[in-house]
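Notes follow once the structure below has been shown.
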Amino acid sequence: MGDGNGCCAKKGPGYASPIDAMSGPRETLIYVTCVYNGTGIEKPDYLGTVDVDPNSPTYSQVIHRLPVPYVGDELHHSGWNSCSSCHGDPTAMRRFLIMPALLSSRVYVVDTATEPRTPSLHKVVDPTEIAEKTGLAYPHTSHCLASGDIMISCLGDPQGNAKGNGFLLLDSEFNVKGRWEKPGHSPAFGYDYWYQPRHKIMISSSWGAPCAFSKGFDLQHVKDGLYGKHLSVYSWPDGELKQTLDLGDSGLLPLEIRFLHDPSKDTGFVGCALTSNMVRFFKTGDGSWSHELSISVKPLKVKNWILPEMPGLITDFLLSLDDRYLYFVNWLHGDIRQYSIVDPANPILIGQVWVGGLLQKGSDVVYLTDDGEEAQFDVPLVKGNRLRGGPQMIQLSLDGKRLYVTNSLFSVWDNQFYPDLSKKGSHMLQIDVDTEKGGLSINPDFFVDFGAEPDGPALAHEMRYPGGDCTSDIWI
């Protein structure tokens, strides 16, 4: 993806529009956050650089590892210091990857522009300073703002309470500025967020209290009100909480949230993990926001599992840059799905592929068909490897034709649902996408084995291209 300055050297980073981005160069590198925390290996987490150029001799291999200085961080998501929202500013440059550490609350700033194949650590933002100046901890989603500031959603206070969560602001030199939202306008729970400036709106989602999710998933915690089911609607850019959307019992654990990429559109989606529903949100005629159930994944009746029914567990989704397709994963069932959203109010399933999960052939767990028969899903070997865990994070190529997938969610949850994952390590796959008729198929020549890492098996989570992608860049 070059140095990330996009298609025109006289412009700022990224692309003038989402459609322009689809014509950008093919990805050759992908960065992935790799975790040792929670695996029993007392080593720092690291940023891995993977070669995804099929013409390269090191194709489908980890070619560089940047360990962070501390142990126990839980690297998770990442974002850029500058993206397509700054495309009109020729002084802006996509140079630094922002990597919040979910459990330690450090924020790492990584220089990816000087040597894209071998990124280097530029700065560490100290969690004590963040807590002293803002009261925030457990940082998650990072987006750049057109002002040059960095905004990071934080899921709680340093004690792990959801109350006290909010949005951290760093300046362009990565100094702590304070909170973004107005005093008294924090959401009940924090997680992900996306903004749509033309509509002067930002909407955030809600996972749960860090004191609950950091210990593993416990259904009692849901009943005790320690997990969220709301979307928080903010005025942009001034941070006033305008509306709270209660998604109800069909919207438990709303995680990843995305507006359509077209900045003129006033609709988007959120994936509700526990109830395995995609919910669409939209602006109404009176200017307020509403929501509706868009896609529902039915739980499967199962045997030999902790519960009699198994949810799909939608833990990640994304939208193609032309807003034609929506992709999501079912981490427990093991499938990736492709939907046509040409009409966002009427998604149509047009592609599906199984790449792991708890119900693959050879597993102890079986599901029951409508006839009461025991069944399992066929999951192929890839380069001779049985697929581990379930599909978790996904990233789409700019042209929409290749979907990359990793399989670790969060180390303590991995250990709970897929106990072999920390022993055998993650893997990364590439899924070929039919963008004409619809359809997903596994690329048999691509398999990145994080079980074979020099310091032992690692857990692989979120992926980023050096030049930006459909889950990092926002257009204004």
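The values are calculated or read from the model by the stated rules, or taken from the named source; none is laboratory data. Given the structure is predicted, the values throughout are model-derived calculations rather than measurements. So basically every Cβ, Gly included, is an ideal-geometry build from the backbone, and we count neighbours across all protein chains shown. In case anyone asks, the SASA skips ligands and DNA or RNA and just uses the protein heavy atoms, side chains included. Shrake-Rupley method; radii C 1.70, N 1.55, O 1.52, S 1.80 Å.
Please verify whether LEU387 is open to solvent by less than 10 Å² (accessible area, probe 1.4 Å), in contact with a Leu (Cβ under 9 Å, 6 or more places away or on another chain) and assigned to a strand (DSSP E or B), treating the condition exactly as stated. No. Every test in (1) surrounded by fewer than 23 Cβ atoms within 10 Å (Cβ to Cβ); (2) closer than 17 Å to THR315 by Cα is passed by SER205 save one, and that test is (1). Taking region 157-190 on its own, how many of its residues are touching a Gly at 6+ places or on another chain (Cβ under 9 Å), on the phi < 0 side of the Ramachandran plot and in a loop (DSSP other than H, G, I, E, B)? Total satisfying the criteria: 16. Test of understanding: among ASP343, ASP364, which residue is assigned to a loop (DSSP other than H, G, I, E, B), open to solvent by 20 Å² or more (accessible area, probe 1.4 Å) and touching a residue at least 40 places away in the same chain (Cβ under 8 Å)? Of the residues listed, the single one that is assigned to a loop (DSSP other than H, G, I, E, B), open to solvent by 20 Å² or more (accessible area, probe 1.4 Å) and touching a residue at least 40 places away in the same chain (Cβ under 8 Å) is ASP364. Suppose we filter region 34-50 for residues that are within 13 Å of LEU103 (Cβ to Cβ) and outside any loop (DSSP other than H, G, I, E, B); how many remain? Count: 1. Note on region 207-231: residues that are within 22 Å of SER104 (Cβ to Cβ) and either in a loop (DSSP other than H, G, I, E, B) or of a type in the set (Ser, Thr, Tyr) (or both) amount to 7.
Applying a threshold of 9 Å to beta carbon distances and a minimum spacing of six or more residues, or different chains, the list of pairs starting in region 447-470 at a residue that is open to solvent by 20 Å² or more (accessible area, probe 1.4 Å) and ending at one that is of a type in the set (Val, Ile, Thr) reads ASP449/VAL62; ALA452/VAL62; ASP455/ILE41; PRO457/THR39; PRO457/ILE41.
Can you tell me which residue is farthest from GLY208 (Cα to Cα) among those in region 118-139 that are open to solvent by less than 10 Å² (accessible area, probe 1.4 Å) and among the β-branched types (Val, Ile, Thr)? Don't jump to the end; show me each part of the working.
Narrowing region 118-139 to residues open to solvent by less than 10 Å² (accessible area, probe 1.4 Å): 119, 125, 130, 136-137, 139.
Applying the additional criterion that residues be among the β-branched types (Val, Ile, Thr) yields 125, 130.
Numbers: VAL125: 24, ILE130: 20 Å.
Here the residue is VAL125.
Of the set (1) at pLDDT 95 or above; (2) out of contact with any helix residue (DSSP H, G or I) (no Cβ under 9 Å at 6 or more places or on another chain); (3) open to solvent by 20 Å² or more (accessible area, probe 1.4 Å); (4) over 20 Å from VAL176 (Cβ atoms), all apply to GLY88 but (1). Among the residues of region 148-160, those that are in contact (Cβ under 8 Å) with a residue 40 or more places away in the chain and open to solvent by 10 Å² or more (accessible area, probe 1.4 Å) comprise GLY148, PRO158, GLN159.
Given the criteria crowded, with 22+ Cβ neighbours inside 10 Å and touching a residue at least 12 places away in the same chain (Cβ under 8 Å), does SER142 qualify? Spell out how you get there, then give the answer.
On the way: crowded, with 22+ Cβ neighbours inside 10 Å: yes; touching a residue at least 12 places away in the same chain (Cβ under 8 Å): yes.
So SER142 fits the description; yes.
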